[in-house]
Amino acid sequence: MAAGEATAQTTMPKNKGSWKRKSFARRQLDARAWLERLVPPERITDARVNQLADFVDRYRPGSKFQIIADAMVKNNEVPTMKNVAARYESRKNAYLRRNTPIAPVNLTLAIVDQLTTLIRVSWERRGHGPTWTEIRTVMGWDRGQTKQALTQLRPDGLLSFTNDSGSLTLTGKTAHQSATAKKSA
């Protein structure tokens, strides 16, 4: 190889470092295809296509931002970078709130007794169990602690619940104690 001859490592592509945006006509075609993929044909208008043409090439396909932008297009919103980033941050923060490590709840006999009393009173007064939010408020727990405590007591046979609101009920030994308490009263 002669001195000064260009090699693959020394030659740079002509447009390296510069990003050339598609023409407006091409972005309109892409925006129309985006809309056709997401919304019914009667909701596709020229004004909406022109509006989305500014944003159609801003999000990498398959990325979290693209998924959020798709949802915004479905809801007839404008997927600006600011709005998509704000929605992403909101979802990320909600995920972190739901999945933060929790301080374990020490289920002492007094706490279990207070919880069973709360459930029993709810059934007597309203005909259904308390919601998890009501339990969280009365017991002073956060969302994770409430889930941990109730799911811990479920296999012990003290209570049962389903995904329905107000389905929390006493089972086993605690349910029989409340029935005998009514008979003796």
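On full extension, the segment bounded by Thr137 and Leu29 gains 33.5 nm, given 0.36 nm per residue less the C-alpha separation. Protection proxy ranking for 151-157, 140-146, 91-97, using the average of other Cβ atoms within 10 Å per residue and placing the highest first: 140-146, 151-157, 91-97.
Apply 1/(1 + (r/R0)^6) to the Cβ-Cβ distance of Asp70 and Lys20, taking R0 = 41 Å, and write down the FRET efficiency to the nearest 0.05.
Values: r = 25 Å, r/R0 = 0.61.
The formula returns an efficiency of 0.95 here.
Each reported figure results from applying straightforward, stated rules to the coordinates on display, with no laboratory input. The model shown is predicted, which means the values in this text are computed figures rather than measured ones. Quick reminder, even Gly has a Cβ in these numbers, built from the backbone with ideal geometry, and neighbours come from all protein chains shown.
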